[in-house]
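Taking it in order: structure first as structure tokens, then the write-up.
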Amino acid sequence: VEVTTTEERYRTMIQYRTGDMYAPKLDQTEPLELVCKHFVECIKTGKTPLTDGEAGLRVVQLLEAAQQSLQRCGEIIKVG
């Protein structure tokens, strides 16, 4: 942005934006809804889910380690 006059400076200060913008449409579906639909589909068809119980266990272990690290002022906690 190049502002050369006092008037341009004033206009720039009171506008929300200057120049063009692009706002892509984003999917508004809740991620949990997508995961649940995928899980139900796997039950119906016998497909293997993208994430299994092992993946869930790893997530819980990571969250527990992160919580312990926070409680210990950032100490490194080994997982598994």
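Read-outs throughout are calculated quantities, based only on the coordinates presented, and are distinct from any laboratory measurement. No experiment lies behind these values; they were computed from the predicted model shown. Quick reminder, even Gly has a Cβ in these numbers, built from the backbone with ideal geometry, and neighbours come from all protein chains shown.
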- Message: Taking loop as defined by DSSP and a crowding limit of 10 other beta carbons within 10 Å, which GluC sites (Glu not before Pro) in the chain fit?
- Response: Glu2, Glu75
- Two pseudo-spin positions, 7 Å from Cα along C-beta at Glu33 and at Thr48, lie apart in nanometres by 3.0 nm
- Task: Using DSSP to define loop residues, name the trypsin sites (Lys or Arg not before Pro) in segment 20-80 whose beta-carbon has at most 16 other beta-carbon atoms within 10 Å.
- Result: Lys25, Lys47, Arg72, Lys78
- Item | Relative counts (whole %) of C-alpha pair distances in the chain, using bins that are 5 Å wide | 3, 11, 10, 9, 8, 8, 9, 8, 9, 10, 8, 5, 2, 0
- Those lysines that a straight Cα-Cα span of less than 19 Å connects to Lys37, excepting residues fewer than 8 apart in one chain: Lys47
- Query: How far, in degrees from 0 to 90, does helix 53-71 lean away from the longest principal axis of the Cα atoms of the chain, to the nearest 10?
  - Reply: 60 degrees
- Query: Tally Lys and Arg at +1 and Asp and Glu at -1 over the other residues with C-beta under 14 Å from the C-beta of Ile43: what net charge comes out?
  - Reply: +1
